[in-house]
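This report concerns only the one structure given below.
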Amino acid sequence: MKKAYINWSSGKDAALALYKVQQDSEYSVEKLVTTVNTEFNRISMHGVRIELLQKQAEHLDLPLHQIKLHGEISMEEYNEVMEIETKSLLNQGFTHSIFGDIFLEDLKTYRENQLQEVGLKAVFPLWNQNTTELLEEFIESGFKAIVVCVNTDKLDKSFCGRLIDQSFLNDLSENVDPCGENGEFHTFVFDGPIFKKPIDFKIGEMVEKSYKPEELDDNCFTDDQKSWDTSFVYCDLLWE
């Protein structure tokens, strides 16, 4: 089997990608790799506390490697850090890097090119699949997730803190991708067929943040720098 690590965001797409790969005999997934924002000690973009990320790794029975990035890191600095980190993974015997991306062509090409430079191959188990069907599969397979971040330029803030279930899917408007593939929302997975047991947590405060366009320029933590998305609501989760 090919030795692989998964780029673990803590969310539903990464969880479903891991689930599908583990059902296959081609890859042996032996590590979770997650970028974290050291300014806030949380997962990049999703805003989930490191303690909950560590609980995910424990309940998945997989080693966790955190790539620590400062909150103001530029894309140039990000690429330099990632080159060092991926070379280290290559030296540990890893040959493949798994992603939960579904249909963003430019992001897929970027990942493939960056990994190819160090000798790793990118794998996309969910690529080009219907996102409604993927979310339905996620729910029907027994996964449980909560929305932890909403881009309020694309989705009403009332969706933040909601569980991912059929009613959530039914309530989404036609212009919102069911998997949030355009950055509409992010999730935290706390149970499912790949977990040894559920993760206990409680919901904390809702935090609204706005950013000026100049603050997003050349920042690696933005979803889509060209769209100038500026308003987000985060649901803070606390480990019980």
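For Pro193, indicate whether it is open to solvent by 20 Å² or more (accessible area, probe 1.4 Å), touching a Ser or Thr at 6+ places or on another chain (Cβ under 8 Å) and modelled with pLDDT of 95 or more. The answer is yes for Pro193. The one condition from (1) in contact (Cβ under 8 Å) with a residue 12 or more places away in the chain; (2) touching a Leu at 6+ places or on another chain (Cβ under 8 Å) that Lys55 does not meet is (2).
Looking only at the stretch 43-93, residues that are outside any helix (DSSP H, G or I) and modelled with pLDDT of 95 or more come to 14 in all. Scanning the stretch 15-33 for residues that are part of a helix (DSSP H, G or I) and in contact with a helix residue (DSSP H, G or I) (Cβ under 7 Å, 6 or more places away or on another chain) yields a single hit, Leu16.
For the stretch 34-74, give me the residue count where each residue is small (Gly, Ala, Ser) and surrounded by fewer than 18 Cβ atoms within 10 Å (Cβ to Cβ).
The total comes to 2.
Yes or no: Leu90 over 23 Å from Glu133 (Cα atoms) and surrounded by 17 or more Cβ atoms within 10 Å (Cβ to Cβ)? No.
Listed here are the residues, each with its yes/no results for (1) at pLDDT 95 or above; (2) under 15 Å from the mean Cα position of the chain (by Cα); (3) open to solvent by less than 20 Å² (accessible area, probe 1.4 Å).
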residue: Thr132; (1), (2), (3): yes, no, no
residue: Ala145; (1), (2), (3): yes, yes, yes
residue: Tyr211; (1), (2), (3): no, no, no
residue: Asp218; (1), (2), (3): no, no, no
residue: Ser231; (1), (2), (3): no, no, no
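Only residues that are crowded, with 24+ Cβ neighbours inside 10 Å and part of a strand (DSSP E or B) were counted across the stretch 171-190, and they come to 5. Against the definition (closer than 16 Å to Leu115 by Cα and over 18 Å from the mean Cα position of the chain (by Cα)), how does Phe99 come out, yes or no? Answer is no for this residue. Is the stretch 101-111 home to any residue that is of a type in the set (Val, Ile, Thr), open to solvent by less than 40 Å² (accessible area, probe 1.4 Å) and more than 23 Å from Phe138 (Cα to Cα)? No, the stretch 101-111 contains no residue that is of a type in the set (Val, Ile, Thr), open to solvent by less than 40 Å² (accessible area, probe 1.4 Å) and more than 23 Å from Phe138 (Cα to Cα).
All of (1) in contact with a helix residue (DSSP H, G or I) (Cβ under 7 Å, 6 or more places away or on another chain); (2) open to solvent by 70 Å² or more (accessible area, probe 1.4 Å) hold for Ser158 with one exception: (1).
The values are calculated or read from the model by the stated rules, or taken from the named source; none is laboratory data. Please read these numbers as outputs of a predicted model, since none were measured by experiment. For neighbour counting, all protein chains shown are included, and Cβ atoms are generated from backbone atoms with ideal geometry for every residue, glycine included. Only protein heavy atoms, including side chains, enter the accessible area calculation; ligands, DNA and RNA are left aside. Shrake-Rupley method; radii C 1.70, N 1.55, O 1.52, S 1.80 Å.
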